[in-house]
Amino acid sequence: MDLQRIREITAYNANARTACKDALRTWLNGHMQEFQFAVTLTLKQSYKVKNNNGVYMRKLKREDCEGIAKRFTQKLNKQAYGHAAKRDGKGLRYFATVEGVGNGKRLHLHLAVGGFEQKPMLFKEMVKNAIALVDGMDEQHDVQVMDSGWMEYMTKELNAHSTDNVLWNVA
């Protein structure tokens, strides 16, 4: 079997359009200077649901992760900007992904956060406080100063043709 045939079988095409994952990583690396912190948030994997028939436990889904991430960013924005977060629409910059969708891993969130203009130690405390205010989050979390490999790490579960793990509505 020759090289060209191997490339056809493996769908290699030098002239093909860039894969979604590669295009997103290129875009993110161009905007990396806008983000200061790398945040990982663990989530409770089930929660209580009340309905007319009683209370039952429901397994966490990807859609739930988006709502939890949105509430977390709202609480963090309020801590950073006070009432101006809601009144004037002020907020930090976010890029968020959910990891563990469809592969059996525990669902958790990765965020790149930017626009914080105070001491980094204060940011860590604000993240801890915001977590305490959001249902569905575990206490375990990690906050680091952003490094060059974080964007690649955040996007490791994206595939070539889909950016479904990116929480676009959180940005």
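Here, each number is a calculation from the coordinates, and none is a lab measurement. These numbers come from a predicted model, not from an experiment. FYI the Cβ positions are ideal-geometry reconstructions off the backbone, even for glycines, and counts take in every protein chain you see.
Some observations on this one:
- Region 57-69 - phi-based ³J(HN,Hα) in whole Hz, Karplus 6.51/-1.76/1.60, Gly and Pro as x: 8, 10, 6, 5, 10, 4, 4, 5, 4, 5, x, 5, 4
- Of Lys75/Lys128; Lys124/Lys156; Lys59/Lys105; Lys70/Lys90; Lys128/Lys156, pairs whose Cα-Cα distance is over 18 Å: Lys124/Lys156; Lys128/Lys156
- Added length on full extension, which subtracts the Cα-Cα distance from 0.36 nm per residue, Ala23 to Asp135: 36.9 nm
- The chain - Rg over Rh from alpha carbon coordinates, Kirkwood radius: 1.06
- J(HN,Hα) series, region 78-86, from Karplus relation 6.51 cos²θ - 1.76 cosθ + 1.60, nearest Hz, glycine and proline x: 5, 5, 6, 10, x, 5, 5, 4, 8
- Most mobile of Gln140, Gln74, Gln118 in a GNM of the chain (Cα contacts under 10 Å): Gln118
- Rounded to the nearest 20, the Cβ-based charge dipole of the chain about its Cα centre (Lys and Arg +1, Asp and Glu -1) stands at 640 debye.
- Order of Leu122, Leu76, Leu28 - criterion: other Cβ atoms within 10 Å of each residue's Cβ, fewest first: Leu122, Leu28, Leu76
- Options Tyr153, Gly102, Thr163, ranked by Cα towards positive dipole end of the chain, top entry (Cβ charges): Gly102
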